[in-house]
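Each remark here refers to the structure printed beneath this line.
The values are calculated or read from the model by the stated rules, or taken from the named source; none is laboratory data. Computed from a predicted structure; not experimentally measured. Positions of Cβ are generated from backbone atoms using ideal geometry, with glycine treated the same way; all protein chains shown enter the neighbour counts.
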């Protein structure tokens, strides 16, 4: 079965977490908003379709009769269906738990540049963004990254969960760290030495043979004006 | 097995979503931070324990050897273990998807009074809160509630998912709406007529025989200074 992935074209966004899992596992999928002939309105139009289980927002994925929304939920499905997470009860919930913690940090990274309204321009909330970004840099980055460092330390292996191979949460943590390096290069430069295991995992996924073709394909979009944005005034040591 | 639920004492918080599921299903649990002799530091102390799978934040639940963190993940576990969600593949992911959408709105409701830093006082971010709350009232409340209204309309029954009985997502939607009614009474007064099915579900859970004892027990804490807060200056028609 070929899955249909729906996400706005032009930015990696939350769609990228699903994409990385599909690509690393070699699962066939169609990127619907980038198909020849797809309009800029393709996702918005599709969202209005009459569905038994409508998604609230992209990304969502059609798997035959199923439509699955919410990034962590799509990944839970892919993890169970394609063995991208441990099959044990303990490992399955653990990877889901990690994914949800990653999602929390992703949402906070977004709000550094849009602390007032996702629908308004950054330029209309610059002052608030400066305050929120400062808190994110000084409190939240250390809190989240030291947590993942602790998890990797306890795991005593290369990956977040047991089983000796990557899970979808490892791919997501890679993308999160990649986004932080893009958005907050100064801050990450000054703190990353405190999180050697997190940074090593980032490098390990960047060099994963399963992702080599994808990274070389040009299909992995630049961060641009998506969730992770680089505004020099929001960064700092 | 009696579960151990860990959450800060004094506010319902995200712990309440787990509590409602445990209470409505009659599942025995211990509220660890409210046990006789528990200190105000009980949760913070327990968080530092050496665990194979450490939680990032409360609520978390000990189920024998398992420790489960992240509200939606704890509920996924309870749903599967105790039949609090449909057993079908489709229904299971659907309820998880709805729970994650509810969680997104809960996080946004929190950020109306803490748009800059969760660790700072409201008084130190009042101006930003006023702007964020206005956006939440005018854009986000209608966007989320009209989504849930559409879901209930499609469901053609009393509950969000199939199967003819409540799932844990119904209990969570009740608590979310309850929190909105507390925090934004003026706004909810002026828009609730547009969401008759959401409001009917709220009333249905409020009168659920399975929750009668809990609601009468006094153990359901008032919203107070938790996720949902009532600051009159953040409310408006």
query: Can you pull out the residues in region B:150-178 that are touching a helix residue (DSSP H, G or I) at 6+ places or on another chain (Cβ under 9 Å), surrounded by fewer than 18 Cβ atoms within 10 Å (Cβ to Cβ), in a loop (DSSP other than H, G, I, E, B) and without any contact (Cβ under 8 Å) to a residue 60 or more places away in the chain?
result: B:158
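Can you name the residue in region A:67-76 that is touching a helix residue (DSSP H, G or I) at 6+ places or on another chain (Cβ under 6 Å) and facing another protein chain (nearest Cβ under 10 Å) and, of all such residues, is surrounded by the most Cβ atoms within 10 Å (Cβ to Cβ)?
A:72
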- prompt: Which of the residues that make up region B:48-65 are crowded, with 17+ Cβ neighbours inside 10 Å and more than 10 Å from chain A (Cβ to nearest Cβ)?
  reply: B:58, B:59, B:61, B:62
message: Exactly one of these conditions fails for residue A:158: (1) at the interface with chain B (Cβ under 9 Å from one of its Cβ atoms); (2) farther than 24 Å from residue A:236 by Cβ. Give me its number.
response: (1)
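Counting only residues that are closer than 25 Å to residue A:229 by Cβ, in contact with a helix residue (DSSP H, G or I) (Cβ under 7 Å, 6 or more places away or on another chain) and free of Cβ contacts under 8 Å to residues at least 60 places away in the same chain, which one in region A:1-21 is surrounded by the most Cβ atoms within 10 Å (Cβ to Cβ)?
A:7
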- prompt: What is the number of the single condition among (1) out of contact with any helix residue (DSSP H, G or I) (no Cβ under 9 Å at 6 or more places or on another chain); (2) surrounded by 17 or more Cβ atoms within 10 Å (Cβ to Cβ) that residue B:45 does not meet?
  reply: (2)
- prompt: residue A:95: touching a residue at least 12 places away in the same chain (Cβ under 8 Å), in the same structural domain as residue A:155 (by the TED database) and over 28 Å from residue B:143 (Cβ atoms), yes or no?
  reply: yes
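Output yes when any residue across region A:146-158 is within 26 Å of residue A:7 (Cα to Cα) and at pLDDT 95 or above, and no when none is.
No: zero hits.
Residues checked against (1) in contact (Cβ under 8 Å) with a residue 40 or more places away in the chain; (2) in a helix (DSSP H, G or I); (3) surrounded by 15 or more Cβ atoms within 10 Å (Cβ to Cβ):
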{"site": "A:133", "(1), (2), (3)": "yes, yes, yes"}
{"site": "A:140", "(1), (2), (3)": "no, yes, yes"}
{"site": "A:144", "(1), (2), (3)": "yes, yes, yes"}
{"site": "A:148", "(1), (2), (3)": "yes, yes, yes"}
{"site": "A:186", "(1), (2), (3)": "yes, yes, no"}
{"site": "A:197", "(1), (2), (3)": "yes, yes, yes"}
task: Please tell me if residue A:129 is within 30 Å of residue A:209 (Cα to Cα) and within 11 Å of chain B (Cβ to nearest Cβ).
output: no
Cβ-Cβ under 9 Å pairs, at least 6 apart or on other chains, region A:209-231 side at positive phi and modelled with pLDDT under 95, far side buried (at least 17 other Cβ atoms within 10 Å of the Cβ) and in a loop (DSSP other than H, G, I, E, B): A:224/A:11; A:224/A:12
query: Can you name the residue in region B:78-99 that is at the interface with chain A (Cβ under 8 Å from one of its Cβ atoms) and surrounded by fewer than 23 Cβ atoms within 10 Å (Cβ to Cβ) and is also farthest from residue A:117 (Cα to Cα) among such residues?
result: B:89
message: Out of everything in region A:114-126 that is touching a helix residue (DSSP H, G or I) at 6+ places or on another chain (Cβ under 7 Å) and either touching a residue at least 12 places away in the same chain (Cβ under 8 Å) or more than 9 Å from every other protein chain (Cβ to nearest Cβ) (or both), what residue ends up being farthest from residue A:227 (Cα to Cα)?
response: A:116
